[in-house]
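Data block below; observations after.
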Amino acid sequence: MLSRAARVTLAVTVTSLTLVLSVNLGVARDSAQPSSRPYPNMGNQVGLLPCGSFPGFGCAKYRKTEIPASTANAEVHAAFIKFLRDYDWFGGGHLTNRKPARENHSGPWPVHYVEVIDRPARLRYRDDPDLVKSVPLARITVAPNAVEDVVYGISNPTSRSKTFYLIGSAYKPDAVETTGDRLGDRWRISTWSLVEIQGTGTSERVVPVGRSGRVAWCKHNHGDASRDYGARFHSCEKERIVSMVKENRAAMKQLREFARQDKSLSTVARSGYDTDWIIATSKRLLNSPQLASPSVSSTTRALLEPMRNWDPFTDPVWITCGVGCCIAET
């Protein structure tokens, strides 16, 4: 079993806006697992074990609840705010620039940091009848003085970081498996909305903000580690390609050999199995004269080529969601 003690401290520099943060990032070593049926994990994330089967884990903490209406009283809002703040969040995520909503924006781009809930594989949908409302899936922290982004429509004009919560609606795997709401390389399983906590003290309220959209399940599975941890600005297709690279021994060998010649890549992530490392190393190799070397096979070049111009500026939130991986798209 992979230890949860895997943490690294990263100094992250973003291109248009330089923001150096010290954060504890959990390293998720994940690999896509082949599957013989289209719903290998949906609704039955950790078998049929009853709530409380895992030490330190209680279903009540992850129980779905309902976003308070604007007309709800202060007690209802306070209870939901406590629910959000008491939630367990995994201390690792993805920090990046995001494309501004305004096309002619000339200033710094907004900077977002996304985190997933702690151990999302333990979310339970089918075996607990009380899970019928909505559940926090991720949270996005927006850096100070950030303009509205083009994907989620959230901004932060203040001088302090601001947190938004991504809330998923009720998940009905049986109905979805029957109707098969397919969206190309993914399947719709739910919807999402964003909320933030506004006000102070007893006047605090939960307020819907930004846009809303659908939660889509990517059509591949993960190993135990990536089901437990993972959040980034990514897409189903990008994760599929990264997973193919991870599973290709020749490609991974070539990336490791190239990285030994470029010491700057050692600061990206701690091993050759991390998504950040694979993307950064592949892009560097694709733009290097070494790509033409006979040591790089045509198969490896073709496998890495889609990553040449990747950036996360308009990608949706990608999370491990207890059913493999999901994206929150608009």
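The values are calculated or read from the model by the stated rules, or taken from the named source; none is laboratory data. What you are looking at is a predicted structure, and each value in this text was computed from that prediction instead of being measured. Cβ: placed from backbone, ideal geometry, glycine included. Neighbour counts: every protein chain shown.
Residues are listed down the side, and each one gets a yes or a no for (1) at pLDDT below 90; (2) among the β-branched types (V, I, T); (3) in a helix (DSSP H, G or I):
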site: S271; (1), (2), (3): yes, no, no
site: I279; (1), (2), (3): no, yes, yes
site: R284; (1), (2), (3): no, no, yes
site: N309; (1), (2), (3): no, no, no
site: D315; (1), (2), (3): no, no, no
site: W318; (1), (2), (3): no, no, no
site: A328; (1), (2), (3): no, no, no
Expected output for the stretch 277-301 (first residue touching a residue at least 12 places away in the same chain (Cβ under 8 Å), partner of a type in the set (D, E) and in a helix (DSSP H, G or I), Cβ below 8 Å, 6+ apart or cross-chain) is L286/E305; S295/E257
Among the residues of the stretch 109-124, which ones are in a loop (DSSP other than H, G, I, E, B) and either at pLDDT below 95 or in contact with a Phe, Trp or Tyr (Cβ under 9 Å, 6 or more places away or on another chain) (or both)?
W109, D118, R119, L123, R124
